[in-house]
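Colleague: Handing you a structure now.
The values are calculated or read from the model by the stated rules, or taken from the named source; none is laboratory data. On a predicted model such as this, the values are computed, not experimentally measured, just so you know. Cβ atoms come from the backbone with ideal geometry, glycine included; neighbour counts cover every protein chain shown. Accessible surface areas use protein heavy atoms only, side chains included; no ligands, DNA or RNA. Shrake-Rupley method; radii C 1.70, N 1.55, O 1.52, S 1.80 Å.
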Amino acid sequence: MLKDTRIVLGVTGGIAVYKAVELLRLLTKAGACVHVIMTRAAQEFVTPLTFQTLSSHPVHSELFNLIAEQEIGHISLADRANLFVIAPATANVIGKIANGIADDLLTTTAMATKAPVLIAPAMNVNMYTNPIYRENEEKLRRLGYLFVPPEKGALACGWEGEGKLAAPETIFEAIAAALRPRDLAGQTVMVTAGPTREEIDPVRFISNHSSGRMGYAIAGAARQRGARVILVSGPTGLAVPAGVERVCVESARDMQAAVMRHVKECSVVIKAAAVADYRPAERKGDKIKKQAAEMTLTLVKNPDILAELGHLKKHPFLVGFAAETSCLEEYAARKLAEKKLDMIVANDVSSCDAGFNVDTNRALLLFKDGSRQDCPLMSKDELANRILDEVVSRLPARRNH
Ligand code: CTP
């Protein structure tokens, strides 16, 4: 995932240094080449040997180490990095960087690098809320430095509050996001997600098992890749991904109205929502009381939003989903053709590690030109990026039409 990526990991002094060891392990496991710079204080907590062993490179710590400078000097470290990560970052190091102080190897390299810098602060809660610290962080954010905010919790100093270094997995995700190409900049992408709810009466509705996770993962990933993202979402318990504009809807007809209202702004529409195909013919104003042993509910067909988009005279790049429990490829290919899509993501929702309500998915991608691609079991975030890779690679070709 991070193959051929060069990362400089700056480690400053604090009890959270042990978490940087775990972060380094995650990075090297993902294929990144990591050079570690430790401040003197960091070495009081964990020895350089630990970082050296896990990174397979000598740890850098002295600004004027003649041997190290000859082999790979601080300027060369700064130049070669695709990303400079500082984790944990103390209030002291953040203050120095914000004010142009470069008095050790870490701060000198931070000043010399042209790579994006991602900072994961860790400190006492009172330091974190100190106006001087806040001003330094704000200044760096304004200048484009990236931050992974600390978590709330019991701090090593005995206080409770914000200041705990973010979990290594969270920092790893932020690193992966920072390294992602911004290849959707300038595009507006609409994503639909989640189930729809078709009301029977004031207390009951027809719906399905969709959690919305796949659609939310696509929306978040598209945003990270630079797109403006409109997320038309049925009811889910999920948080809106950062920077995404969410439009909340309930029924298929609400979703249809929202999609049609925004489609003209979009260059890409990805319909991951599990839209209910039918709704009750009539929604009762009062709660239906139980009476006979059997009852019949008459359902009428909902509009097929995706087919409507496909049949527009001029439509954006259209990606549909096909949730199937049998004959996956045959049914998905039929939907691709009938709804006039550019691409379809076919899921077998009968398996327990893919489809509804799980964090992983496997899919078959089919394209208008007849080509196909298998995506083995992976996280929904990874699959989201695979889908977007395909969208990106096919977008310019369409513009030439
Ligand atoms: N879709 C839609 N509007 C509908 C039904 C589906 O926009 N009323 C979209 C879904 O968002 C998805 C694609 O069409 O991208 C396929 O949805 P799916 O439920 O797999 O298929 P259907 O077309 O509903 O056909 P069937 O239920 O017969 O499999």
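Colleague: In terms of modelled amide H atoms, which long-range or inter-chain residues lie less than 5 Å from the amide H of residue 36?
Modeller: 9, 60
Colleague: Tabulate in residue order the Karplus-calculated ³J(HN,Hα) for the stretch 315-320, using 6.51 cos²θ - 1.76 cosθ + 1.60 with θ = phi - 60°, rounded to whole Hz; enter x for Gly and Pro.
Modeller: Couplings: 10, x, 4, 10, 10, x Hz.
Colleague: Next question. Cα gyration tensor of the stretch 279-333, axes a ≥ b ≥ c as square roots of the eigenvalues: rounded (a/c below 1.5), prolate (a/b > b/c) or oblate?
Modeller: Oblate shape, in that a/c is at least 1.5 and b/c is the bigger or equal ratio.
Colleague: Could you give each residue of the stretch 377-384 its phi-based ³J(HN,Hα) in whole Hz, using Karplus coefficients 6.51, -1.76, 1.60 with θ = phi - 60°, and x for Gly or Pro?
Modeller: These are the phi-based 3J(HN,Hα) values: 4, 8, 6, 5, 5, 5, 5, 4 Hz.
Colleague: Let me check I've understood the local charge: for residue 96, count other residues with C-beta under 12 angstrom from its C-beta, Lys and Arg +1, Asp and Glu -1. What total comes out?
Modeller: On the way: positive: none; negative: 103, 104.
Cβ neighbours under 12 Å give a net charge of -2.
Colleague: Check the stretch 6-179 and count each lysine pair with an alpha-carbon distance under 28 angstrom, considering only pairs eight or more places apart or from different chains.
Modeller: Going through the stretch 6-179 pair by pair, I get 17.
Colleague: Radius of gyration and Dmax for the stretch 6-179's Cα atoms, expressed in Å?
Modeller: Using the Cα atoms of the stretch 6-179, the pair Rg, Dmax is 14.8, 46 Å.
Colleague: Non-local amide H neighbours of residue 162 (under 5 Å, H modeled in plane, Pro and chain starts lacking H): which ones?
Modeller: 153
Colleague: What stretch of the chain, leaving out the sites themselves, is the longest with no GluC sites (Glu not before Pro) in a DSSP loop having at most 16 other Cβ atoms within 10 Å?
Modeller: 63-249
Colleague: Amide H to amide H, which residues 5 or more places from residue 317 or on other chains are under 5 Å from it, using H placed in the peptide plane?
Modeller: Amide H neighbours of residue 317, under 5 Å, 5+ apart: 268, 269.
Colleague: Let me ask something else. For the stretch 282-387, which trypsin sites (Lys or Arg not before Pro) are both in a DSSP coil and crowded by at most 11 other Cβ atoms within 10 Å? Provide the component values of the computation, followed by the final result.
Modeller: Numbers: sites: 283, 284, 287, 289, 290, 301, 313, 314, 334, 335, 339, 340, 362, 368, 372, 380, 386; in loops: 283, 284, 287, 289, 290, 313, 314, 339, 340, 368.
When the trypsin sites (Lys or Arg not before Pro) of the stretch 282-387 are filtered for loop state and at most 11 Cβ neighbours within 10 Å, 287, 289, 290, 313, 314 remain.
Colleague: What trypsin sites (Lys or Arg not before Pro) in the stretch 7-55 are in a loop by DSSP, with at most 16 other Cβ atoms within 10 Å of the Cβ? Let's see the in-between values first.
Modeller: Values: sites: 19, 25, 29, 40; in loops: 40.
Those that pass, being in a loop and sparsely packed, are 40.
Colleague: Once the other residues with Cβ under 12 Å from the Cβ of residue 208 are scored (Lys, Arg +1; Asp, Glu -1), what is the net sum? It would help to have the intermediate numbers written out before the result.
Modeller: Values: positive: 197; negative: 198, 277.
Result for the local shell: -1.
Colleague: State whether the chain is rounded, prolate or oblate according to the following rule on the C-alpha gyration tensor (a ≥ b ≥ c being the square roots of its eigenvalues): a/c under 1.5 gives rounded; otherwise a/b larger than b/c gives prolate, and the remaining case gives oblate.
Modeller: Judged from the Cα gyration tensor, the chain comes out prolate (a/c at least 1.5, a/b above b/c).
Colleague: While we're looking at this one, here's another question. Might you report the magnitude of the Cβ-based charge dipole of the chain about its Cα centre, with Lys and Arg at +1 and Asp and Glu at -1, to the nearest 20 debye? Intermediate values should be presented prior to the final figure.
Modeller: Working: 49 positive and 45 negative charges, 255 e Å.
Charge dipole, the chain, about its Cα centre: 1220 debye, nearest 20.
Colleague: Here's something else I'd like to know. Taking K and R as +1 and D and E as -1, what net charge do the other residues with C-beta under 10 Å from the C-beta of residue 362 add up to?
Modeller: Neighbourhood net charge equals -3.
Colleague: Additional query: Over the Cα atoms of the stretch 261-401, each weighted equally, I'd like the Debye log10 I(q)/I(0) at q = 0.16, 0.20 Å⁻¹, rounded to two decimals.
Modeller: After summing over all Cα pairs, the log10 values are -0.90, -1.23.
Colleague: What angle do you read, to the nearest 10 degrees and between 0 and 90, between the alpha-carbon axis of helix 17-29 and the longest principal axis of the chain?
Modeller: Roughly 60 degrees between the two axes.
Colleague: Mind checking which of 171, 161, 116 is farthest towards the positive end of the stretch 113-189's charge dipole, using Cβ charges of +1 (Lys, Arg) and -1 (Asp, Glu) about the Cα centre?
Modeller: Sorting the options by dipole projection puts first 116.
Colleague: Give the separation of the Cα centroids, the stretch 303-373 to the stretch 108-179, in Å.
Modeller: A separation of 40 Å, based on Cα centres.
Colleague: Taking the Cα-to-Cβ direction at residue 350 and at residue 248 and moving 7 Å from each Cα, how far apart do the two end points lie in nm?
Modeller: 3.6 nm
Colleague: Still on this model: Please check: in the Gaussian network model of the chain (C-alpha springs, under 10 Å), which one of 38, 255, 295 has the largest mean-square fluctuation.
Modeller: 295
Colleague: Which of the trypsin sites (Lys or Arg not before Pro) found in the stretch 157-249 are loop residues per DSSP with 14 or fewer other Cβ atoms within 10 Å of their Cβ?
Modeller: Values: sites: 164, 182, 197, 204, 213, 223, 225, 228, 246; in loops: 182, 197, 225.
Counting only loop positions with at most 14 other Cβ atoms within 10 Å, the trypsin sites (Lys or Arg not before Pro) in the stretch 157-249 are 182.
Colleague: Here's another thing I want to ask about it. Probe of 1.4 angstrom, ligands and nucleic acids ignored: what's the accessible area per residue over the stretch 6-179, in square angstrom? Spell out each step's value before the answer.
Modeller: Values: 8150 Å² over 174 residues.
Here the per-residue accessible area is 47 Å².
Colleague: Oh, and also: Hey, any idea what % of the chain's accessible area is carbon plus sulfur with a 1.4 Å probe?
Modeller: Carbon with sulfur: 53 percent of the solvent-accessible area.
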